[in-house]
1. Is it the case that some residue within segment 186-203 is away from ligand 2 (no atom under 16 Å from the Cβ), over 22 Å from the mean Cα position of the chain (by Cα) and open to solvent by 10 Å² or more (accessible area, probe 1.4 Å)?
2. Which of the residues that make up segment 423-433 are within 13 Å of ligand 2 (Cβ to nearest atom) and either open to solvent by 30 Å² or more (accessible area, probe 1.4 Å) or of a type in the set (A, V, I, L, M, F, W, C) (or both)?
3. Among (1) touching a helix residue (DSSP H, G or I) at 6+ places or on another chain (Cβ under 9 Å); (2) of a type outside the set (G, A, S); (3) farther than 22 Å from P126 by Cα; (4) within 16 Å of ligand 1 (Cβ to nearest atom), there is one condition Y197 misses while meeting the rest; what is its number?
4. Would a scan of segment 488-502 turn up a residue that is in the same structural domain as S391 (by TED's automatic domain parsing), within 25 Å of the chain's Cα centre (by Cα) and without any contact (Cβ under 8 Å) to a residue 12 or more places away in the chain?
5. Kindly indicate whether M462 is within 13 Å of ligand 1 (Cβ to nearest atom) and within 18 Å of L566 (Cα to Cα).
6. If you take the residues of segment 466-479 that are out of contact with any strand residue (DSSP E or B) (no Cβ under 6 Å at 6 or more places or on another chain) and open to solvent by 20 Å² or more (accessible area, probe 1.4 Å), which of them is farthest from A429 (Cα to Cα)?
7. Name the single residue, out of those in segment 425-450 being touching a helix residue (DSSP H, G or I) at 6+ places or on another chain (Cβ under 6 Å) and in a loop (DSSP other than H, G, I, E, B), that is farthest from I276 (Cα to Cα).
8. Output the residues belonging to segment 41-98 that are among the hydroxyl-bearing types (S, T, Y), in a loop (DSSP other than H, G, I, E, B) and farther than 18 Å from P328 by Cα.
Amino acid sequence: MVQHAALNSWVKECERLLKPERVVWCDGSEAEHERMVREMLDSKTLLPLNPKSYPHCYLHRSVPNDVARVEGCTFICSSKKEDAGPTNNWMAPAEAKDKVRPIFEGSMRGRTMYVVPYLMGPAASPFAKVGVEITDSPYVVANMRIMTRMGAVALEHLGSGGDFVPGMHSTADLNPDRRFILHFPDENLIWSVGSGYGGNALLGKKCFALRLASVLARREGWMAEHMLIMGVEDPQGEVTYVAAAFPSACGKTNLAMLVPPASLPGYKIWTVGDDIAWLRVGEDGRLWAINPEAGFFGVAPGTNTHSNPNAMRSLERNTIFTNVALTPSNEPWWEGMDGPAPPGTLDWQGRPYDPASGQKAAHPNARFTAPARQCPIVSKHWEDPKGVPISAIIFGGRRSRVGPLVYEGFNWQHGTFMGASMTSETTAAAAGAVGVVRRDPMAMLPFCGYNMGDYFQHWLDMGKAIPRPPRIFHVNWFRKSAGGNFLWPGFGENLRVLKWIIGRVKGEALAVETALGFMPTVEDLDLEGLDIGFAKGRALLSVDYDAWREEIPGLNEFLNKFGSKLPAGIHDEGKALAKRLGPEVANWVI
Ligand code: OXD
Ligand code: MN
């Protein structure tokens, strides 16, 4: 019990419905954490990892059907269907509650109900917001302790009458047919049942900091975005901050922790966040960003000392690994880690792993949950109450053919159109087919809590409300040659693209005007020391007119879904793009 009547009465109400054996209020302390870890080790919810090489690290194996976000079971329960829009699943609030309440009913019998107060945003920030999650999963509590500021600090922030976002979570019977992730934007309420997976069960992350926060942000004139935040320090010591939106598992964590290549001496990168940004107009007229999270919930496969040495160092202690493989020396292992799996490795389900089987040892969406403060290059401003000023917004996707390496929007409205038309190949972060091309505006398709037509309008409105707006860019690290090889080396070399972007922001870098936007020529990019000949450079930095003409009808069809909600500004930009691509595609039909 705390000194907050509304919180106490909601907790009581949950207790009556869920019927737990006991209720535990989490204070976030070390002692509480140690006690819960001991209990989880006893129940095999956690397995210990090698205490020498991975101190205070644990492995969790989830049930095989519960390994990713489930977009098909995720609903926006606004009172009007129109407010959820054509890209969200919708249920009327009363219907949703009637349908899902029976699944919650008595689901915590014999279990402990944890009450987890948490803070999204740095404790000293006026922009931080309080959530309270009720859960029967000690694994969720341990993850929330890394991903948010949890326990006493949140209750202090809340005081006796502050606002909080209530979130009721129960793993229930983990039955995928009885799995629902419900958002009630009118009440600022979350219900999640039947899954223990991060994006479905750590309610502070996608449910609160994106889906509900995006609704709040629109109402209050700010932005909640699926963006990393990073500082790029040039050899003169000047730091420029950028925010970048890429779809899930498309390299946000790697970019946020980039290691500058030796051929660009004097550059340093500072990580502020790797997944979510809350952005507001500052007193100086610039857009300022905070990272509402306190940890990284990163994709393990593909992470290694070459692709992301800073992530590797962030996760070597106090980290929870989920669905990775386990070596005989009790160390985590995944595909794309340094070196092959040692003989005797167990796969993510605890079965002996046979590399000849063609199966993966780690699940493709295996994760690490690591405290942000452990990142060797964490920015000294990562907990700055006012955030960091953003000079550039970068959209990106995974496209083998269509997207050039980088281009810049002509202005905010065109940049908003670039975000609205973002398209990417799907990854294992969500259940379903991998590698399928889908529209994913601003990388927010699964995370926007309201009609995306209104969301595009909100972006356009924000453009008018920011006196000194960031410039908007689009990147694609994944373009392939006709032979199917990646044209761009990626990883640390992406700094070359950031260097051009920052040069543009400062009015120093050159560009040519193309149908898509301003683009560097091969000479405008610093490619010193890279084995990229003129032909490859041209392939990376050209507009594939045929591919773009093919793109237009699908884009048209997607944007048409928003009907009268599609802002005129987006429609106009589509029409202008079609015109620039040539008379063959001038049939922009919205
Ligand atoms: C994530 C996701 O986990 O986007 O960040 O799925
Ligand atoms: Mn994400």
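1. Yes: one or more hits.
2. Residues satisfying the conditions are A428, A429, A430.
3. Among (1) touching a helix residue (DSSP H, G or I) at 6+ places or on another chain (Cβ under 9 Å); (2) of a type outside the set (G, A, S); (3) farther than 22 Å from P126 by Cα; (4) within 16 Å of ligand 1 (Cβ to nearest atom), the lone unmet condition for Y197 is (1).
4. no
5. On the way: within 13 Å of ligand 1 (Cβ to nearest atom): no; within 18 Å of L566 (Cα to Cα): yes.
So M462 fails the test.
6. P467
7. Y450
8. S43, T45, S62, S78, S79, T87
The values are calculated or read from the model by the stated rules, or taken from the named source; none is laboratory data. Predicted, not measured: the structure shown is a model, and the values here were computed from it. Backbone-built Cβ (ideal geometry, glycine too); neighbour counts: all protein chains shown. In case anyone asks, the SASA skips ligands and DNA or RNA and just uses the protein heavy atoms, side chains included. Shrake-Rupley method; radii C 1.70, N 1.55, O 1.52, S 1.80 Å.
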